[in-house]
Structures are given as structure tokens and as C-alpha cells.
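As C-alpha cells, the structure follows; a few thoughts come after it.
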Amino acid sequence: MLNCIVIDDERAAIDVLSNYVNRLPQLNLLATFTSPVEALELIRTQAVDLAFVDIRMPELSGIELMKLAGSRCRFIITTAYEEYALEGYQYHNIDYLVKPVPFERFVRAIDKTQSILRRSTESERPGTADDYVFIKTESRIQKIELNDILFVEGLGNYVTVHTTRGKFVSLLNVKDLEEALSPDLFLRVHRSYIISLGKIDFVEGNQIFLDNETSIPLGDTYRNQLWTALDKKIITGRK
């Protein structure tokens, strides 16, 4: 069960979200707030798993609240304004719901939240991921250590697996590798590329730079997934 709070300066919006939360048995509504400052105090002192937060509020905006809260809990933004979506994903934001929020869309956001938290928990357990895979190349069955993989590059029905030990070409497509590799370690960031999350050096604009100085394009449709994957590793300080 996820302990939740709702933060919005409009009581009508709070009532809608509170009703949605109470309809799902996997959610427990701890409190609601019209004051983001009071909500932040609760986040800092109690075990809050998930906060539904509006963007435009007096005292603190939703973005400012997320910055101050850091990694203490996860967030789902609920707002009438779509232009803050990208900025929100730089913090511990899992989803972005545009008001009025349909219940079906709310349920999908909760399913996504539980999936992300479940994968995060499983990745912390020893022995949950294999250390290597085998792929068919032109002349042999090649063992590839997962830790050696830098990125996967697709071209039609072929992929090139770029590793620290060289390149390996296989009669596969990017989707095949995406389904086979652990989402805790690898992420598709473009229709033609999968990267090793642990090999990212930095992200700048629409480019992802890996440790070996390779630049990988970041597709617009994959941008939110990247920020979600990096979210738990981003350190935010207090102002």
C-alpha cells in the first residue's frame, strides 16, 4: 500500500483526487493540503510514498516543492498547464496528469508508479539480474557481459552491440534487445538506440554522452522515460 498526500490550492481539485485515491485499495490517503509549505513539513517528517501536487500554488510552486523534497517521496503532477512536463521529470516525478483528470488516466498513473517502485526494489536485491547474454553472430554464439555493453545500435533487422571489448553484429532488431535486457540497466532512448544507463556521462539537450565520449541522440518520445530512469540518481540540494 502506498501512503499518499494531495497538494492543491483549490479545494475542488483536492476533492476529486481524494475520491480517486479512496477508490483504489492499494492507496492510503494520509492527508490533503492547500498549503505546500505544510505539505513539505509532512514529507520531511513522515513516510510519504507518493504526493499528487499542483504546479501553480502560492508560497511554493509544485516544482519548487519537488526540489526541496528531493528523494523523500515520489510525485505525480496534476495541473491544467502542460508546459511544465519536461521540467517536472527532472525531479522525482513519475507522471503528469492534466486537469480535469479522468479516473482511467489516474489508474494508469498508479499502475505506472507501482511498476517503477517494484523495479526499483527488485534492482536492489542481489542476484536479480543475469550478468551476461548470448547473441548469434555470423559465425558463432557470442557471450556478452552486460557490464561491457555501452549501447545497442539498430539498422533494419540487424543490431550492432557496442561493448568495451568491440562490436558484435546480430540478426536481431532493437525491439528484440529491448525486451531481453533489464529495464533497470538499459533504456531505449531513440528508435535506433538502447543505452546502458550506467555508462551515461552526461545529458545535454537532445544528446546523451557516454563514458567513451560517444554521442547518442535522444528521441522526443523517449525523453520522459529517460528522466524517470535517472530520477532516483539525481541529487537535489536545498535552497
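Here is how the numbers come out for the structure above:
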| read-out | value |
| --- | --- |
| Farthest positive-ward along the chain dipole, Cα basis, beta-carbon charges - from ALA51, LEU197, VAL161 | VAL161 |
| Within the accessible area of the chain (1.4 Å probe), percent carbon and sulfur | 48 percent |
| Simple label model, 7 Å out from Cα along Cβ direction - SER215 to LEU171, nm | 3.6 nm |
| Cα gyration tensor shape for the chain, rounded if a/c is under 1.5, else prolate or oblate | prolate |
| Spin-label model distance (nm) - GLU145 vs LEU197, 7 Å beyond Cα toward Cβ | 2.1 nm |
| For segment 1-83: rounded, prolate or oblate by the Cα gyration tensor [a/c cutoff 1.5] | oblate |
| Using a Förster distance of 25 Å, the FRET efficiency for ASP15-LEU117 (Cβ separation, nearest 0.05) | 0.40 |
| Whole-Hz couplings from phi, Karplus 6.51/-1.76/1.60, listed for segment 108-114; x for Gly and Pro | 5, 5, 5, 4, 5, 4, 5 |
| Distance between modelled label sites at ASN157 and ALA80, nm, 7 Å Cα→Cβ extension | 5.3 nm |
| Electrostatic dipole magnitude of the chain [Cβ: Lys, Arg +1; Asp, Glu -1; Cα centre; debye, to 20] | 380 debye |
| Probe 1.4 Å, protein heavy atoms only - accessible area per residue of the chain in square angstrom | 53 Å² |
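The values are calculated or read from the model by the stated rules, or taken from the named source; none is laboratory data. Every value quoted in this text rests on a predicted model; they were computed, and no experiment measured them. Neighbour counts are summed over all protein chains in view; Cβ atoms, including those assigned to glycine, are modelled from backbone coordinates with ideal geometry. Just so you know, the surface numbers come from the protein's heavy atoms only, side chains and all, with ligands and any DNA or RNA stripped out. Shrake-Rupley method; radii C 1.70, N 1.55, O 1.52, S 1.80 Å.
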